[in-house]
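What follows draws every value from the coordinates through simple rules; no lab data is involved. Bear in mind that the values here come from a model prediction, so they are computed numbers and not experimental data. Virtual Cβ from ideal backbone geometry, glycine too; neighbours counted across all protein chains shown.
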Amino acid sequence: MSKDTLLRIEDLVLHFKTQKGSVRAVDGVFFELAHKEAVVVLGESGCGKSSLAKAILRLLPRNIDKYTGKIYLEGDEIMGMEDEDYRQNVRWVRMSLVPQAAMNALNPVLKVGDQVAEPMMIHHGVKKEEALVQAAKMFQHVGVPVDFLDRYAFELSGGMRQRVAIAMSLVTAPALVILDEPTSALDVLTQANIFNVLKRLKQELEVSFVLITHDIATSSELADRVAVMYAGQIVEVSDAHRFFAEPLHPYSRMLMASVPRLRANTEPEFITGQPPSLLDPPKGCRFADRCPKRFAKCSEEPPVVNVDGIQVKCWLYTS
Amino acid sequence: MMNTQASNKSDLLVVKNLVKHFPVRSGLLQRTSAWVKAVDNVSFVVKQGETLGMVGESGCGKTTVGRTILRLVEPTSGEVSFNGQDLTKMNNRELKPLRRDMQIIFQDPYASLNPRIPIGESVMEGLQIHNIGRPKERWEIAINMLKKVGLEEYHARRYPHEFSGGQRQRIGIARALALNPKFIVCDEPVSALDVSIQSQVLNILKDLQQEFGLTYLFIAHNLSVVEHISDRVAVMYLGKMVELTDRESLYREPLHPYTRALLSAIPVAHPSQKRERTILKGDVPSPLNPPKGCRFHTRCPIAVEKCSQQEPEFKEVRPGHFVACWLAE
């Protein structure tokens, strides 16, 4: 682990207990993230990417079947910490979350300024006046007029509410913010605005992002690294430039080819079939059923291969 | 392919000065206190066999246009003629036979299928309503339609919850096709689907268009999806149509500043192609009280004084290229 590593996840597993059996939502996730970098976790609906956000931040429901692995934050292993210690010293202090549909997650009966100030009061024990000053600073950073502090969520547009949620995640000056689908419910112009804000924040506040999304094109705006998730597992971790130029895993390739491009001469493609159930995923490679390049080996679990610094979980790259 | 031929074809649907204002009621007596101007004086033509794409941000009135054309929502004023007949003047009984020719595919495949009946029955429901064939024949038509969208006979007895989003949207397409319509309003048919299967549904729509000679009004907010399926594209902003032209011209040479902003906001899935995006300031104004003059002038990067005072006319500035902007002449 280099000194610059902010977050390192090793073999993270999160299974849920259900009546039908164990759902393997997160089943072997790994990646690394440096300071002031953004990693994009790409995946389709149901691949376990929102569960991954919960697993990293230990925001767990009660029906946990299995929760193992190692998470290093600035060198400290945080999976082994006591819950209370974690709550006081990690969550919303060193890393925070912008939850999915955050713009609908604001409390309708509290002023948005008070909501943004709240984490400061809880985690840093500061007085409300002081916390509000900090909240006002964050509003400026994310581009919300300061007089909006006294407004309620319903008085704000979707884009403004999303900015407020981002301000709330940043107010305690964490090193890492996890964003779960931050723009998926917004219009394309608002999306572009939010991504400009995130790009600016990365520079101004020296914060790192884990961006969880299905939106390949939008995420390329912010990404330094890309981790592709399929059926609970990471299948490729790559540098963003190299990934968008030439992804290695067959799933990554097909995913990229399915994105409709403007003024392109090629028609977008699609992936036949659908992802396997996470209740009982196939034994070998989980993408094998849909993969055009599958061969005999694919019925066994593929290893993670390092191809010039790109990690890819595929038999095609074992020499 | 289609776009070159489309210009020679006859007009299937003619929409003239379509207006839809929704009342806002408030207070104890539920008196109308204001009007939401969802669609405000929109005119366009859909030609036989073409796909007209319609794009705009949420709340711009594109869905309302689609629904008003089918009279799922009653228009406030204006004319909609289908094959030369004015739909807005018809009563329900006169309209019913025409409904066979005009169908809709809904946005949300999770909400638009009845969860309590097998999907085969959902597909044949329209045939029942229009008294077509005997029960057995209807069932056969339904199965035939399901096969057209890539599903199998055994799927017909299953319930919606047993299908994935992409399959459900294909069922929605089969249902729209069962009555052998001429015209289909596709209301954001792929927005709820994962990108990896979007193009499968788009391909099916294209193939069926060829096979049955269908005409589509394709409503979407995603300009890159619309590019792949449309012959012509219309752009809406705050209840008004601001630009309408063939696909090539719209994507190569957009004339309205709003269209340009929309196009430049589309991200490119390649970091080396990062470019400065034209970012519009502020939010879409409320359709309750739209700005005077050009509705876009409050956010327009090139607005001049005239724009805030006089409303620009939607006119043909080049052959087949309509635009509502004072500066696009």
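Data table
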item	result
Ascending count of other beta-carbon atoms within 10 Å, so fewest first, for B:ASP246, A:ASP83, B:ASP207	A:ASP83, B:ASP207, B:ASP246
Two-decimal Rg/Rh across chain A, once Rg and the Kirkwood Rh are taken from alpha-carbon atoms	0.98
Chymotrypsin sites (Phe, Trp or Tyr not before Pro) lying in DSSP loop within the range A:229-319, provided at most 13 other Cβ fall within 10 Å	A:PHE295
GNM top mover of A:ALA264, A:ALA153, A:ALA223 - chain A, alpha-carbon springs below 10 Å	A:ALA264
Of all DSSP beta bridges in the protein assembly as shown, antiparallel share, percent nearest 5	65
The range B:200-259 and the range A:5-22: distance between their alpha carbon centers, rounded to Å	42
Relative contact order of chain A, defined on C-alpha pairs under 8 angstrom at six or more residues apart (%)	20
For the range B:114-176 and the range A:83-113, distance of Cα centres in Å	45
Computed [θ] at 222 nm, helices only, for chain A once each DSSP H run of length n ≥ 4 contributes -39500 (n - 2.57)	-8500 deg cm²/dmol
Sorted by Cβ neighbour density within 10 Å, fewest at the top, the residues A:LEU170, B:LEU288	B:LEU288, A:LEU170
With 10 Å bins from 0: P(r) over the range A:185-257, alpha-carbon pairs, percent	17, 48, 30, 5
Rg(Cα) / (2.2 N^0.38 Å) computed for the range A:106-173, rounded to two decimals	0.97
Length-normalised contact order for the range A:106-173 - Cα pairs under 8 Å, 6+ apart - percent	46
Cα Rg over Rh - the range A:240-318, Kirkwood	1.00
Cα→Cβ-extended label distance, 7 Å offset, between A:LYS293 and A:PHE154, nm	5.4
Least to most buried among B:VAL195, B:VAL36, B:VAL19 (fewest other Cβ within 10 Å first)	B:VAL19, B:VAL36, B:VAL195
Cα convex hull of the range A:56-136, projected area averaged across orientations, nm²	7.0
Potential extension, A:ASP280-A:THR68 segment - 0.36 nm per residue separation minus Cα distance	74.4 nm
Projected label distance in nm at A:ASN89 and B:THR32, using a 7 Å step from Cα toward the beta-carbon	6.5
The range A:1-95: Rg to Rh, with Rh as the Kirkwood radius over Cα pairs	0.97
Degrees between helix A:112-124 axis and first principal axis of chain A (Cα, 0 to 90, nearest 10)	80
Length added when fully stretched, B:ARG116-B:ILE129, from 0.36 nm per residue minus Cα-Cα	2.8 nm
Computed [θ] at 222 nm, helices only, for chain B once each DSSP H run of length n ≥ 4 contributes -39500 (n - 2.57)	-9000 deg cm²/dmol
Residues B:SER286 and A:VAL305, FRET efficiency given R0 of 56 Å [Cβ-Cβ distance, rounded to 0.05]	0.55
Total charge dipole magnitude, the range A:127-243, about the Cα centre, Cβ charges on Lys, Arg, Asp, Glu only, Debye to nearest 20	180
Mean projection area, nm², convex hull over Cα of chain B	19.4
Value of D in µm² per second that Stokes-Einstein yields for the protein assembly as shown, Kirkwood Rh from Cα pairs, at 37 °C (0.692 mPa s)	123
Karplus 3J(HN,Hα) series, Hz, for the range A:14-31 with 6.51 cos²θ - 1.76 cosθ + 1.60 (x for Gly, Pro)	9, 10, 9, 8, 9, 5, 8, x, 8, 9, 8, 5, 10, 9, x, 9, 9, 5
In nm, spacing of pseudo-spin labels at B:ARG25 and B:ARG260 (7 Å Cα→C-beta vector)	4.5
Tail weight of P(r) past 22 Å, computed on alpha-carbon pairs of the range B:96-172, percent	19
